[in-house]
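Each remark here refers to the structure printed beneath this line.
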Amino acid sequence: KFNPLKAIGPEQFRHLSSLKKLDLESNKIEQINETAFHGALQQSLGMLKLVGNQLEEIGPLIFQNLTQLRTLDLGKNKIKHIDVKAFQDLHNLRNLYLNSNNLTRIEAQLFQNLTNLRILSLSDNQIVDIEAGAFQHLHNLSILFLGENRLTAFAATSLWQPNSSSVLIQLVLKANHI
């Protein structure tokens, strides 16, 4: 925390086979090599905190094979774009924090493999568009934060498919342009 760390290189944590939690919060990380989290760490890491850094883009392979990851915090960065394949291997992910970034659009395929996700925070971004069906695969989602964005309309059918089951108990849309 509070280090001048600007980049994470290839296989930086490859020998840490027992590591459950990796906290890289409040550094100055701008770049993460696509193999930074490869190695023994892939089978043990349950929580990854990258909150409060300088990340602008999330590529397709950064989180590849982090099959045990349950919490991923990418809040308070400068993220403008996330590749639609970035989260494809995170089948066990329960909590995803993307709040306080610069996202403007949520693509339909972005969360398609996150079937166990329970909390999704997208608040305090610049979101103006959410593609139809963006949340349709999130059958276990119970809390969705969409507040403090630039949404001008909200229709449940644009987020979930008709006749689909939902366990959503909290939906936050405050401070939008609806």
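Quick notes on this one:
- Filter result for V84 (part of a loop (DSSP other than H, G, I, E, B), hydrophobic (A, V, I, L, M, F, W, C), modelled with pLDDT of 95 or more and open to solvent by 20 Å² or more (accessible area, probe 1.4 Å)): yes
- Sole residue being closer than 23 Å to N33 by Cα, crowded, with 17+ Cβ neighbours inside 10 Å, out of contact with any helix residue (DSSP H, G or I) (no Cβ under 7 Å at 6 or more places or on another chain) and polar (S, T, N, Q), chosen from N77, N149, N125: N77
- When G52 is tested against the conditions (1) on the phi > 0 side of the Ramachandran plot; (2) in contact with a Pro (Cβ under 7 Å, 6 or more places away or on another chain); (3) not charged (D, E, K, R), the lone failure is (2).
- Exactly one residue out of L50, L103, L93 is touching a Phe, Trp or Tyr at 6+ places or on another chain (Cβ under 8 Å) and open to solvent by less than 30 Å² (accessible area, probe 1.4 Å): that is L93.
- The listed residues are D73, D89, and the only one of them that is touching a strand residue (DSSP E or B) at 6+ places or on another chain (Cβ under 9 Å) and closer than 20 Å to L120 by Cα turns out to be D73.
- Summed over the range 129-141, the residues that are touching a Leu at 6+ places or on another chain (Cβ under 7 Å) and either at pLDDT 95 or above or not in a loop (DSSP other than H, G, I, E, B) (or both) give a count of 1.
The values are calculated or read from the model by the stated rules, or taken from the named source; none is laboratory data. Keep in mind that this is a model prediction, so the values were computed, not measured. All Cβ positions, glycine included, derive from the backbone under ideal geometry; neighbour counts span all protein chains shown. With ligands, DNA and RNA removed, areas are computed over all heavy atoms of the protein, side chains included. Shrake-Rupley method; radii C 1.70, N 1.55, O 1.52, S 1.80 Å.
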